[in-house]
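Report on the following structure.
The values are calculated or read from the model by the stated rules, or taken from the named source; none is laboratory data. Because the structure is a prediction, the values reported are computed rather than measured. Cβ: placed from backbone, ideal geometry, glycine included. Neighbour counts: every protein chain shown. We work out accessible area using only protein heavy atoms, side chains counted, and drop any ligands, DNA or RNA first. Shrake-Rupley method; radii C 1.70, N 1.55, O 1.52, S 1.80 Å.
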Amino acid sequence: VHTNSSQGMQDWRRATPISSPKPISATTLNHISRETRDVPRMVRFYRDVLGLSLIKRPNFDFGGAWFALPGKGGGVALHIIESDPEKPSVVINQEGTQCLRAPERFIRRSEHFALTVTDIEEAKQRLKEHGITFAINTVPGTEIVQLFLYDPDENGIEIGNFDVHTTSSQGISECTRVKCNADQQRCVELQSSIHSPDILSGLSSDVVLYSSWFCPYAQRVWIALEEKGVTFQYVEIDPYEAPAAVDSTRKYTKKPLSLDEKRKRYPEWIAASPLGLVPALRHKSATVCDSMVCLEYIEEVWQGVGEDAVNCTLRFPHLLPKSPEERAHVRYWCVYANEKIIPFYYRMLMEQEKSAQENAKQIILTGLFEFASAMSAEGPFFLGACISMADIVLFPWYERLVTVGAAYRDFSVPNSCRGFARLEKMYDAMKKRPAVVRT
Ligand SMILES: N[C@@H](CCC(=O)N[C@@H](CS)C(=O)NCC(=O)O)C(=O)O
């Protein structure tokens, strides 16, 4: 069909053959979507900058969050959708040439807008009559059927019977768009009672860290939470008796409270840490204690989004590498630091005899040297460009060695030696990390 620009739209319409199939009759705009690799970051933006309210989202098997978009009558939603790692970035079509268009089923987790129809079967029929291919999906726990199709310029479109009455408790029956339209007030009430989707757990304070400001073990866990970008509630614990209550004959003046006293003062902490030690974590119904166990827990719960760990820009950076072999390497050197270096820091400080202090110092230096030999040559971190658990495990003591150890025991690392220079490089890089600065 040829149109001439001065006649525009009008002619184009007239030129459509009378016998062409009927169009789909959509009733409303249901939602628009944004695809992201970082759902929590998008949530913070749309919630905290644009002030949108979260609304309930069905139990999809991928991450995302839904917002109510403002507007007269309300009811249009913004769907933040975690991108599908399986979506091909390059598609080869039937002629063997490269094209942009991933199969229609990928529109579900890509950018699109969605229109509501009342009769989904009729919509399917119309699309077929127009020769438009589409993918079909059902929203989990509901009777909502979604059709996904492309416009001629490869823009994704969704068509769904979003107003269908659905009875399942798992799905969005409580707050479908139609209810928002019909009763804005009720929708607002529902929004305020809605639980955040799981992907948001890192943004809410259902994570509690029991810590003491001076404790290097707690600092490990604190750094890990900061690195992962988890929002948590920090609870300061003072596990020691007040100085006045300390026996004046004791050389070591810090006397821990009894377990009973700790429980009386901090019942929630002791419920999470039966031995009465910091750090401990509470996350939803889970309680976790011991710094190494906490680090492993944090690593497992807040996994990186996507596969691209290379530039370390993941929402939840990996603290352990991918291959079992490399993970074992990192874990071994964590154990090494725990057994061969850290206890001797305390020994060096506690010993009153100069020779015993020097002996502890030598053990520390040997341990540090061995640790440095296991580090990647380039650095700055243990494994190279990306931080890992090994850096987090050693750092709090390295920091204390070169500050407290230097002040009280004249501790220093010989900077002439390449091995120690490598440790200094890690220390410098760690100190600059915003996550570390916050601790
Ligand atoms: N193995 C534990 C050690 C934790 C630890 O010793 N914490 C000290 C503070 S740095 C503590 O809670 N002391 C209290 C007490 O001794 O009662 C871990 O890795 O978390």
Handout entry: Meets criteria (more than 20 Å from the chain's Cα centre (by Cα), assigned by TED's automatic domain parsing to the domain that holds Glu154 and open to solvent by 20 Å² or more (accessible area, probe 1.4 Å)) for Pro85
Key = no
Within the range 369-402, the residues that are of a type in the set (Phe, Trp, Tyr) and open to solvent by 40 Å² or more (accessible area, probe 1.4 Å) are Phe369
Checked pairs for the range 219-241, first outside the structural domain of Ala390 (by TED's automatic domain parsing) and under 10 Å from Ile298 (Cα atoms), second within 10 Å of the ligand (Cβ to nearest atom) and part of a helix (DSSP H, G or I), C-beta under 6 Å and 6 or more apart or across chains, list as Val221/Ser291; Val221/Cys294; Ala224/Leu295
> Is one or more of the residues making up the range 382-398 among the small types (Gly, Ala, Ser), within 30 Å of Gln303 (Cβ to Cβ) and free of Cβ contacts under 8 Å to residues at least 24 places away in the same chain?
Replying inline: yes
Answer yes or no as to whether Ile341 is over 18 Å from Lys425 (Cα atoms), crowded, with 20+ Cβ neighbours inside 10 Å and more than 27 Å from the chain's Cα centre (by Cα).
yes
Checked pairs for the range 426-439, first closer than 23 Å to Ser373 by Cα, second of a type in the set (Asp, Glu) and assigned to a helix (DSSP H, G or I), C-beta under 7 Å and 6 or more apart or across chains, list as Met426/Asp391; Met430/Asp391
Filtering the range 260-292 down to residues that are more than 8 Å from the ligand (Cβ to nearest atom), within 28 Å of the chain's Cα centre (by Cα) and without any contact (Cβ under 8 Å) to a residue 24 or more places away in the chain yields Ile270, Ala271, Ser285, Ala286, Thr287, Val288
Reported set for the range 407-437 where residues are open to solvent by 90 Å² or more (accessible area, probe 1.4 Å) and either at pLDDT below 90 or not assigned by TED's automatic domain parsing to the domain that holds Pro396 (or both) is Asn415, Ser416, Arg418
Within the range 374-419, the residues that are small (Gly, Ala, Ser) and closer than 24 Å to Tyr346 by Cβ are Ala374, Ala390, Gly405, Ala406, Ala407, Ser412, Gly419
Checklist entry - What do you reckon, is Ile364 part of a helix (DSSP H, G or I) and surrounded by 21 or more Cβ atoms within 10 Å (Cβ to Cβ)? => result yes
If you go through Leu281, Leu295, Leu275, the only one that is modelled with pLDDT of 95 or more and either over 30 Å from Asp391 (Cβ atoms) or exposed (fewer than 12 other Cβ atoms within 10 Å of the Cβ) (or both) is Leu275
**Report entry** Condition met for Thr138 (modelled with pLDDT under 90, within 15 Å of Ala77 (Cα to Cα) and not basic (Lys, Arg))
**Finding:** no
